[in-house]
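Take a look at the structure below.
The values are calculated or read from the model by the stated rules, or taken from the named source; none is laboratory data. Values in this document were obtained by computation on a predicted structure and should not be read as measured data. Because the Cβ atoms are built from the backbone with ideal geometry, glycine has one as well, and the counts that use them run over all protein chains shown.
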Amino acid sequence: MSLNILIADDSIITRAVIVKILGLIGIELGEIHQATDGRQALEVLDRHCVDLAFVDINMPAMNGEEVVEAIRSNPLWADLPVAVVSTEGNEERIARLLSMGVKFVHKPFTPEAIRKAVSELIGTTHELRV
Amino acid sequence: MVTHALGSCLGIAVYDPVTGLGGLLHAMLPTAAINPSQAKINPCMFVDTGVPALLHKMLAAGATRNRLSIRAAGGAATQTERIDHFAIGKRNYIMFRKILWQFGLLLDAEDIGGELPRTMYLEIGTGKVWLNSMGLDKPL
């Protein structure tokens with residue numbers, strides 16, 4: 001089964017790097033949707049079926065924490081696997097995000113950190129090279 | 001296979017579990033641009049020529065790139081290197097990550113940095129990789 005993925009980050013470089021890593025780690029990719037801010041991210045979720053989301057915190061329009069809160073409070077998306085990818089260093093904020101069931105990946109990240117997050121989020125239903 | 005006394009040098013073990021093909025590289029310096037004539041004689045001295053040489057040989061021998069298990073160790077700042085400001089260990093590691101990215105490969109395990117030397121082992125029959133540092137073995 002292929003995975004439809006949302007990448008929400010205002011940095012085009014970060015989005016491009018995550019796309020490349022996803023291509024390397026051995027998952028079967030379906031549609032890849034990119035959003036440059038939090039509001040766009042929710043619009044993508046509204047219009048498309050997404051299986052896994054990468055969300056930055058510091059984005060214009062709506063930050064990543066608000067995006068995660070919106071995801072978790074909507075019954076349609078509440079169980080969506082989410083990786084928050086951010087430079088965020090505030091432990092309280094990170095703890096709040098973790099309590100909402102996301103995986104946290106610190107920027108700058110290695111390809112292996114993205115692979116680990118994907119592996120933990122989608123479990124063993126996909127064959128990853130881990 | 002074994003490579004001894006990895007200080008700032010990088011040890012890189014590559015293994016294909018299906019074919020049982022494996023290789024172990026001991027690269028000393030980050031780039032062949034430091035000494036191009038030496039790189040022609042022994043490309044494996046340098047990370048930016050040694051890693052591609054190892055990968056190309058593995059693939060030519062029948063390994064498959066999406067099965068490759070890649071493990072790295074070394075890149076330490078040993079006592080003499082801490083005061084020379086060349087940061088060879090760090091530069092070796094940065095070059096290694098760059099080469100992996102160019103090849104589209106990910107690391108399966110690493111034990112990088114610190115101040116202690118390491119010896120690295122690759123058991124070809126099983127693909128098992130382990131290190132020895134200051135008399136202590138540990139799996140990688």
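Against the condition within 14 Å of another protein chain (Cβ to nearest Cβ) and of a type in the set (Val, Ile, Thr), how does B:ILE34 come out, does it pass?
no
State all residues of region A:88-103 that are surrounded by fewer than 17 Cβ atoms within 10 Å (Cβ to Cβ) and within 16 Å of A:ILE7 (Cα to Cα); if no residue qualifies, say none.
Listed by number, the list is empty, since nothing qualifies.
What are the residues in region A:8-18 that are crowded, with 21+ Cβ neighbours inside 10 Å and either in a strand (DSSP E or B) or not charged (D, E, K, R) (or both), if any?
Matches in region A:8-18: A:ALA8, A:ILE18.
Taking only region A:65-92 into account, find how many residues are part of a helix (DSSP H, G or I) and touching a residue at least 12 places away in the same chain (Cβ under 8 Å).
8
How about region B:1-101: which strands (runs of 3 or more DSSP E) wholly inside it have at least 2 residues that are more than 24 Å from A:THR110 (Cα to Cα)?
B:2-6, B:21-27
Among the residues that make up region A:99-108, is at least one of them within 24 Å of A:ILE27 (Cβ to Cβ), within 14 Å of chain B (Cβ to nearest Cβ) and not in a strand (DSSP E or B)?
Yes, some residue in region A:99-108 is within 24 Å of A:ILE27 (Cβ to Cβ), within 14 Å of chain B (Cβ to nearest Cβ) and not in a strand (DSSP E or B).
Please indicate, with yes or no, whether at least one residue in region A:11-28 is without any contact (Cβ under 8 Å) to a residue 60 or more places away in the chain and acidic (Asp, Glu).
No; the residues of region A:11-28 include none that is without any contact (Cβ under 8 Å) to a residue 60 or more places away in the chain and acidic (Asp, Glu).
Going by the conditions given, is A:PRO60 within 14 Å of another protein chain (Cβ to nearest Cβ) and either loosely packed, with under 13 Cβ neighbours inside 10 Å or of a type in the set (Ser, Thr, Tyr) (or both)?
For A:PRO60, the condition - within 14 Å of another protein chain (Cβ to nearest Cβ) and either loosely packed, with under 13 Cβ neighbours inside 10 Å or of a type in the set (Ser, Thr, Tyr) (or both) - is not met.
Filter region A:8-18 for residues that are over 16 Å from A:VAL118 (Cα atoms), within 14 Å of chain B (Cβ to nearest Cβ) and in contact with a helix residue (DSSP H, G or I) (Cβ under 7 Å, 6 or more places away or on another chain) and give the result.
None; the set is empty.
Need the failing condition index for B:THR78 against (1) within 17 Å of A:ARG115 (Cβ to Cβ); (2) at pLDDT below 95, just the number.
(1)
Which of the following residues is of a type in the set (A, V, I, L, M), within 14 Å of chain B (Cβ to nearest Cβ) and outside any helix (DSSP H, G or I): A:ILE21, A:ILE27, A:ILE5, A:ILE32?
After applying the criteria, what remains is A:ILE27.
Going through region B:99-115 one residue at a time, which ones are within 21 Å of A:LEU22 (Cβ to Cβ) and away from chain A (no Cβ under 12 Å)?
Once the filter is applied, which keeps residues that are within 21 Å of A:LEU22 (Cβ to Cβ) and away from chain A (no Cβ under 12 Å), region B:99-115 yields only B:ILE99.
Only one residue in B:PRO139, B:PRO52 is more than 14 Å from chain A (Cβ to nearest Cβ), within 20 Å of B:TYR15 (Cβ to Cβ), modelled with pLDDT of 95 or more and out of contact with any strand residue (DSSP E or B) (no Cβ under 8 Å at 6 or more places or on another chain). Which one?
B:PRO52
Looking only at region A:33-51, how many residues end up being in contact with a helix residue (DSSP H, G or I) (Cβ under 6 Å, 6 or more places away or on another chain) and surrounded by fewer than 20 Cβ atoms within 10 Å (Cβ to Cβ)?
2
What are the residues in region B:2-32 that are modelled with pLDDT of 95 or more and in contact with an Asp or Glu (Cβ under 8 Å, 6 or more places away or on another chain), if any?
Answer for region B:2-32, where residues must be modelled with pLDDT of 95 or more and in contact with an Asp or Glu (Cβ under 8 Å, 6 or more places away or on another chain): B:GLY22, B:PRO30, B:THR31, B:ALA32.
Residue by residue, here is whether (1) exposed (fewer than 14 other Cβ atoms within 10 Å of the Cβ); (2) over 13 Å from the mean Cα position of the chain (by Cα); (3) aliphatic (A, V, I, L, M); (4) under 14 Å from B:LEU29 (Cα atoms) holds:
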{"residue": "B:ALA60", "(1), (2), (3), (4)": "yes, yes, yes, no"}
{"residue": "B:ARG65", "(1), (2), (3), (4)": "yes, yes, no, no"}
{"residue": "B:THR78", "(1), (2), (3), (4)": "no, yes, no, no"}
{"residue": "B:LEU105", "(1), (2), (3), (4)": "no, yes, yes, no"}
{"residue": "B:GLU123", "(1), (2), (3), (4)": "no, yes, no, no"}
